[in-house]
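Since the structure comes first, as structure tokens, the remarks are kept for the end.
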Number of protein chains: 2
Amino acid sequence: MNWLDEIKWTEDGLVPAIAQDAETGEILMFAWMNRESLALTVARGEAVYWSRSRGRLWHKGEESGHVQKVAEIRVDCDKDVVLLKIEQKGGIACHTGRRSCFYFRLEDGQWVPVAPVLKDPDRIYRK
Amino acid sequence: MNWLDEIKWTEDGLVPAIAQDAETGEILMFAWMNRESLALTVARGEAVYWSRSRGRLWHKGEESGHVQKVAEIRVDCDKDVVLLKIEQKGGIACHTGRRSCFYFRLEDGQWVPVAPVLKDPDRIYRK
């Protein structure tokens, strides 16, 4: 069986994808993939997601230059979640200009941002 | 605003949750939470998920003893994905008896299991 057919896609034809720094283990972002984006990810060696909000393929870094070089691809026991071990170009995965999207920590019943903005988003996306 | 109200729940009232080893950074599993399970996770200091297949709260480790002690809880920039940094009791997160659920690696177009079974599932769940 084709490795893509083994994935348990949702009814919408998607699978959750976690991007993890291949060196440090830091979790950088979470997004969704469809069949085409996962096939493209393998073909290019760079993460390609499916943007649910924009309804189109999203080659991560296409605007920002912050592409994700794929070192390894894994799936879980149920083959319904993808894990990408990546090298994050530019050191910034989050659209807020932070290294990781997971920068809110729960502290005493509040979500507290605990990671610095490394680059102003207006400079990343040249609005 | 209550920290639970800040979470962007899906239409089904769920949020994806990633469990990561707080010490090593290894990603151990992926599951879903509803509002009650996330509140219980904080109250108990142990991961409680929502089992979509069983349609009920799932206190991870309730059968196996492999509970997950929560060291830290994060959400991402959109507040629609939860990250738990945990200590995995028993050293086994996966129902297959492996440390992590993410044990299939893509190698030359095939999903190859690359992590050992540490304990026979029949012995974990005492069928």
Item to check | Calculated from backbone phi, Karplus (6.51, -1.76, 1.60) coupling profile of the stretch B:70-78 in Hz, x at Gly/Pro | outcome: 8, 8, 6, 10, 10, 10, 8, 3, 8
Item to check | Quotient of Cα Rg and 2.2 N^0.38 Å for the protein assembly as shown, N being how many residues it contains | outcome: 0.99
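For chain A, what does the alpha-carbon gyration tensor say about shape, rounded, prolate or oblate, given a ≥ b ≥ c as the root eigenvalues, a/c under 1.5 as rounded, and a/b over b/c as prolate?
prolate
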Next on the checklist: If you take every DSSP beta bridge fully contained in the stretch B:3-125, what fraction is antiparallel? Give it as a percent rounded to 5.
Outcome noted: 80 percent
Next on the checklist: How shielded is B:83-90 by partner chains, expressed as the average number of their Cβ atoms within 10 Å of its Cβ atoms?
Outcome noted: 1
Next on the checklist: Helix A:35-44 against the longest principal axis of chain A: what's the angle in degrees, Cα atoms only, rounded to the nearest 10?
Outcome noted: 70 degrees
Checklist entry - Relative contact order, percent, of chain B when contacts are C-alpha pairs under 8 Å separated by at least 6 residues? => result 21 percent
Checklist entry - Across peptide A:44-57, what mean number of C-beta atoms from other chains lies inside 10 Å of a residue's C-beta? => result 0
Item to check | Pseudo-label separations to other copies for A:Arg56 - Cα-to-Cβ vector, 7 Å, nm | outcome: 4.7
Checklist entry - Within chain B, how many lysine pairs that are 8 or more places apart, or on different chains, have C-alpha atoms less than 26 Å apart? => result 19
Checklist entry - Quick one: of the DSSP bridges fully inside the protein assembly as shown, what percent are antiparallel, nearest 5? => result 85 percent
Checklist entry - Between B:Thr24 and A:Arg54, what is the spin-label point distance in nm, taking each point 7 Å from the Cα along the Cα→C-beta axis? => result 3.7 nm
Item to check | Among A:Glu36, A:Glu11, A:Glu63: highest mean-square fluctuation, GNM of chain A, C-alpha pairs under 10 Å | outcome: A:Glu11
Item to check | Mean Cβ neighbour count within 10 Å, used as a protection proxy, ranking A:16-26, A:106-116 highest first | outcome: A:16-26, A:106-116
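FYI, it's all coordinate maths here, none of it is from the lab. This one's a predicted model, so the numbers in the text were calculated from it and none came from an experiment. Every residue, glycine among them, receives a Cβ derived from its backbone with ideal geometry; neighbour counts consider all protein chains shown.
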